[in-house]
1. Need the failing condition index for Leu58 against (1) modelled with pLDDT under 90; (2) over 27 Å from Pro105 (Cα atoms); (3) hydrophobic (A, V, I, L, M, F, W, C), just the number.
2. Of all residues being touching a Leu at 6+ places or on another chain (Cβ under 8 Å) and more than 16 Å from Cys68 (Cβ to Cβ) in the range 6-19, which is surrounded by the most Cβ atoms within 10 Å (Cβ to Cβ)? Just the residue, please.
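The values are calculated or read from the model by the stated rules, or taken from the named source; none is laboratory data. Here the structure is a predicted model, which is why all the values come from computation and not from measurement. Quick reminder, even Gly has a Cβ in these numbers, built from the backbone with ideal geometry, and neighbours come from all protein chains shown.
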Amino acid sequence: MVSNVFGYLLPVREIAELCAAAGVPLIVDASQAAGCVAFDAAALGAAFVAMPGHKGLLGPQGTGILLCFAQPKPLLCGGTGSQSVLQDMPEELPDRLEAGTHNVPGIA
């Protein structure tokens with residue numbers, strides 16, 4: 001959405017219209033814009049808008065926002081990394097490959 005090097009604002013609305021015409025969902029990375037540039041995420045026309053908490057939103061690492069304006073079909077569902085919380089036995093492949101990123105600040 002915004003270049004962190006040059007500060008160039010990409011024409012996201014126009015790109016979203018091209019994507020919609022082609023039937024392609026647009027995912028916008030608003031990392032550099034969040035907290036720094038005023039924008040209406042819903043008006044962008046994107047299927048998804050992602051913003052990390054640790055940049056312009058001044059939140060802790062491992063936090064963020066994913067705005068979903070579309071209803072995707074799940075391709076991979078996480079949450080099955082262990083057979084049981086009472087056992088130290090990981091699931092077999094491919095079930096142990098959890099989707100998502102761990103909350104790094106919450107580990108400590």
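1. Among (1) modelled with pLDDT under 90; (2) over 27 Å from Pro105 (Cα atoms); (3) hydrophobic (A, V, I, L, M, F, W, C), Leu58 violates only (2).
2. First, the residues of the range 6-19 that are touching a Leu at 6+ places or on another chain (Cβ under 8 Å): 12-13, 15-16, 19.
Checking the rest, the ones that are also more than 16 Å from Cys68 (Cβ to Cβ) come to 12-13, 15.
Working: Val12: 21, Arg13: 11, Ile15: 16.
Among those that are touching a Leu at 6+ places or on another chain (Cβ under 8 Å) and more than 16 Å from Cys68 (Cβ to Cβ), it is Val12.
Matching residues to (1) at pLDDT 70 or above; (2) assigned to a helix (DSSP H, G or I):
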position	(1), (2)
Cys19	yes, yes
Ala43	yes, yes
Ala50	yes, no
Leu67	yes, no
Leu76	no, no
Thr80	no, no
Gln87	no, no
Leu97	no, no
